Structures are given as C-alpha cells and as structure tokens.
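Below: one structure, written as structure tokens.
The numbers here are math on the coordinates, done by the rules we state, and not lab data. Keep in mind that this is a model prediction, so the values were computed, not measured. Cβ placement follows ideal geometry from the backbone for every residue including glycine, while neighbour counts extend to all protein chains displayed.
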Amino acid sequence: MNISGIGMTSQRTKQRMIDRLREKGIKDEAVLAAIFAVPRHLFVDEALASRAYDDVSLPINFNQTISQPYIVARMIEIMRNGAPMGRVLEIGTGCGYQAAVLSHLATEVYSMERIAPLHERAKKQLRELKLRNVTLRYADGCVGLPEVAPFDGIIMAAAAPTLLPALREQLKVGGRMVLPVGNMQEQSLYLIERDAKGFRETKLESVKFVPLLSGKV
Ligand code: SAH
C-alpha cells in the first residue's frame, strides 16, 4: 500500500491530531513536538493505518492495544513536569509507540514487555526508525529493572492492582512515576513523586488500561 498516497505521512493529518490534543488540554510543547515526530501509522497494522492519527486506541494483536495518543501525551506530560529527562523506564512496550515518543524526550529509554512477539516487533520497528537511545527488554516488568535504576521517570502502560511499592524504590530523588491502578471495572491514574524525605502519591483522573499481568509468554 502506498501510505503517502492516502495522506498518512502528510503534515496536515498529524497536525490535526496535535490540534486535538491541545483542545483536550495538553500544554507541554516538547511533548506535542515528540508526538508530531513519531509516525504512528507504522506501529499499527496496514488495515488500520487510515485511523492511525485519530485520537483513539487501536488493537495490535495478542489482546493488546496501542494507547490513545491523548493518554500517551498526558502521562508523559505529568511525568516530565516541564523538565528534560535523563533515564526513563516504561513498563508495557506493546508496539513500541510510547517508547518512540519518549525517545525524543529522554536521554535513555528502557521499556519492558512480557509478550515475546510484541517485543520482537517493537524492536524491529524502533531499529527501522533508528531510535538508538531505546533499549527493549523481554521480561516481566512488575519488578522493574533494578540493575539499570535509578530512573528519573517510570511510566506504566498497563493497570496494576496496587501502587507497586517495590517499583518506586527505583526512582531517583526528584523522580516521578505515573501509573494506572485498579481492576477491569475501575482504574485511576496515580502520580508518585520521590523527594529527599520519601514519596508522595496523588490520585488523578479515571482511565482504562489493559491489566498488568505477571510472567513472560
Ligand atoms: N506502550 C504501548 C501500550 C501497550 S499496552 C503503546 O505505546 O501503545 C500494554 C502492554 O503492557 C501490553 O503489550 C502488555 O503485554 C504489557 N504488559 C502487561 N503486563 C506486563 C508486565 N508485567 N511486564 C511487561 N509488560 C506487560
């Protein structure tokens, strides 16, 4: 398929999505620029490419989804808090879209995925895009990456049953973690900030994510 023929690579198609994100309240210009820079149509099946710049989540096989651009932007905006980021960890690579967005905003990005074919496909896609500051790990992300920690930011793309207290220990002082917590009926986004004295938790809006599962498949 000639993707450029259907306007997928057109600046206008992408600009419409950025305008939509602005209308929904995303203010961080660096985040908007990073989203603009990533060709989302390359992260979904060709059959769905025409919807790649709609602000919706889309299926990516294995019962998983590529996150809605708004939620990707919102979570990164909260994690970044207007400051450049050094090392960040994402749990739930999926197709690699959010990792690609993060690669434009952080010096080093680590991302973990428990489903082997998704990990492999994301690796290939990120290599093709020459995003060399992203390291993908095929592993259960529930335990984080203690050997690479500490992180300036940790972002979870799957809903955890609890606030995962072990993971926050992998934050730097001054670091921020954004994660959905809840079950399939009800989930909320949480921000966890680490300062010299300890951790502060803030409950944010309701969200809907696939569940965080344990073990590799
Ligand atoms: N970040 C993706 C969204 C992925 S959906 C994007 O950019 O669109 C969430 C992903 O989390 C799924 O691929 C799922 O397999 C993965 N996941 C769930 N539990 C996990 C765990 N314990 N460790 C690593 N990945 C996990």
Exercise. Check Glu90: other-chain or 5+ apart residues with amide H under 5 Å from its amide H, H built from backbone geometry?
Worked result: Tyr110, Ser111, Met112, Ile155
Problem set entry | Sequence-distant residues sharing a close amide H with Ile66 (under 5 Å, placed H) | Leu58, Ile60
Seminar exercise, completed: Note, the range 103-111: 3J(HN,Hα) by Karplus (6.51, -1.76, 1.60, θ = phi - 60°), whole Hz, Gly/Pro = x, goes 4, 8, 10, 10, 5, 9, 10, 10, 9
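Over all directions, how big on average is the projection of the convex hull of the alpha-carbon atoms in the range 38-100, in square nanometres? Walk me through the numbers on the way to the answer.
Working: hull surface 18.2 nm².
The directionally averaged projection comes out at 4.5 nm².
Most exposed first by the Cβ proxy, i.e. fewest other Cβ within 10 Å, how do Arg132, Arg51 rank?
Details: Arg132 9, Arg51 12.
Final ranking by Cβ density, sparse to dense: Arg132, Arg51.
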Seminar exercise, completed: Sequence order, the range 198-210: Karplus ³J(HN,Hα) from phi using 6.51 cos²θ - 1.76 cosθ + 1.60, θ = phi - 60°, Hz rounded, Gly and Pro as x, gives x, 10, 10, 10, 10, 8, 10, 6, 6, 9, 9, 10, 5
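Using only the Cα atoms of the chain, construct the convex hull and provide its projected area averaged over every direction, in square nanometres to one decimal. Mind showing how you got there, number by number?
On the way: hull surface 44.9 nm².
Average of the hull's projected areas for the chain equals 11.2 nm².
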Exercise. So what's the gap between the Cα centers of the range 112-154 and the range 34-95, to the nearest angstrom?
Worked result: 14
For this session: Pop out the ³J(HN,Hα) list for the range 126-143 in order, Karplus 6.51 cos²θ - 1.76 cosθ + 1.60 with θ = phi - 60°, rounded to Hz; leave Gly and Pro as x.
Result: 5, 5, 4, 7, 6, 8, 7, 8, 10, 10, 9, 10, 8, 6, 6, x, 4, 9
Seminar exercise, completed: Per residue, the convex hull enclosing the alpha carbons of the range 122-213 has a volume in Å³ of 112
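Of all DSSP beta bridges in the chain, what percent run antiparallel (nearest 5)? Intermediate values should be presented prior to the final figure.
On the way: 16 of 37 bridges.
If we restrict to bridges inside the chain, about 45 percent are antiparallel.
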For this session: Enumerate the amide H contacts of Gln187 below 5 Å, restricted to partners 5 or more residues apart or on another chain; note that Pro and chain-start residues carry no placed amide H.
Result: Val207
